[in-house]
Ligand code: NAP
């Protein structure tokens, strides 16, 4: 059975694409992955998604999107796509040893948190190092932690942590944050927060769990040990595009290159959300991208059908 469209990925981009394709009666298959729901599953209150003036919990928002996609006839597989072949028509997508085929493909695989790549990080990941405060903050009740980064994520991680820990030290490599002003204000006015401006973490130290970090003051070049119980890394993201490497044009960081809004280097393969968008990265922009990719895929499938007719 060759499907009209397969969507890979289940964040706001993937579910929105599914809703549009399903309502266009394309019976989409959405390969949601084991970590279905994407990054919003790891957040708490989402206050900037229009339509929810009181805010909505990230997992609840994703649950609603999934229900809406299913309601219109989307088939959802909650396992990972493991291989694709975009060189043949129809396109081939494997989920382990199961093969699925489609005339059009929408990639909405999103991005994952970037790591620092320093000594001690790999060894202590999950043992005092985290990239998700909403998931792990309760484990640090009354403890002292650091947050690395100066963007919106670092601010949100910090605010979440202050509900549980006794002290948060933000380590930021410059002398100003890039985060939204409203988040900066909330963070900087919180008495539990202090900031190490113009500092980097050189090493994470600990035997079986984090015991502290080696910090470097970039203004004086001084390095010193700083005691902490946890390290929350919030330095941005990298795209989940390994599956398509060598088959789609990408930039040097692995973001899929787009032309004409949602089209990739392979005709019939469309992209939405953070797999290509390193600039806006919002749930609402990803949803908008999902809509665009779906409209382009619907048009592509319609044209294919009318050529065959
Ligand atoms: P980001 O905006 O790219 O910020 C990353 C931060 O980490 C920057 O402050 C950067 O420093 C720092 N950094 C990067 N690499 C580093 C390294 N190797 N060592 C030390 N520091 C490093 O990433 P983000 O905060 O994850 O946000 C990503 C996007 O999602 C943004 O567009 C943001 O607006 C959006 N977002 C929005 C919300 C919201 O609206 N509520 C929440 C979360 C994220 P520099 O400043 O020096 O570059």
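Rule-based calculations on the coordinates, nothing more; no lab input. Bear in mind the structure is a predicted one, so any value in this text is a computation, not a measurement. Note that we place each Cβ from the backbone using ideal geometry, even for glycine, and neighbour counts take in every protein chain shown.
Some points to look at:
- The stretch 160-218 versus the stretch 38-111: alpha-carbon centroid distance in Å: 33
- Considering all C-alpha pairs of the stretch 183-302, those separated by over 17 Å amount to 70%.
- Of all beta bridges that DSSP places with both ends in the stretch 115-233, some 40 percent have antiparallel geometry.
- Normalising the average separation of contacting C-alpha pairs (under 8 angstrom, six or more residues apart) by the number of residues puts the relative contact order of the stretch 1-86 at 35 percent.
- As a proxy for reagent exposure, ranking 139, 232, 91 by other Cβ atoms within 10 Å from fewest up yields 139, 91, 232.
- Between 0 and 90°, nearest 10: helix 58-71 axis offset from the chain longest Cα axis: 10
- Between 0 and 90 degrees, the angle of helix 283-308 with respect to the longest Cα principal axis of the chain falls at about 20 degrees.
- Rel. contact order, % - alpha carbon contacts under 8 angstrom, at least six apart, the stretch 115-233: 32
- Sorting 164, 172 by the number of Cβ atoms found within 10 Å of their own Cβ, with the fewest placed first, yields 164, 172.
- Taking the DSSP bridge list for the chain and keeping only pairs wholly inside it, about 45 percent are antiparallel.
- Dimensions (Å) - the chain, Cα atoms, principal axes, largest first: 71, 41, 33
- For the chain, built as a Gaussian network whose Cα springs stay under 10 Å, the top-fluctuating residue of 179, 154, 294: 179
- The chain: relative contact order in percent, alpha carbon pairs under 8 Å with at least 6 residues between: 21
- Taking 136, 217, 289 in turn, the Gaussian network model of the chain (Cα-Cα springs below 10 Å) assigns the largest fluctuation to 217.
- Crossing angle, helix 152-162 versus the chain [Cα axis fit, 0-90 degrees, rounded to tens]: 50
- When 106, 214 are sorted by how many other C-beta atoms sit within 10 angstrom of their C-beta, beginning with the fewest, the order is 214, 106.
- Taking the chain as a Gaussian network of alpha-carbon nodes connected by springs under 10 Å, the highest mean-square fluctuation of the residues 186, 279, 127 belongs to 279.
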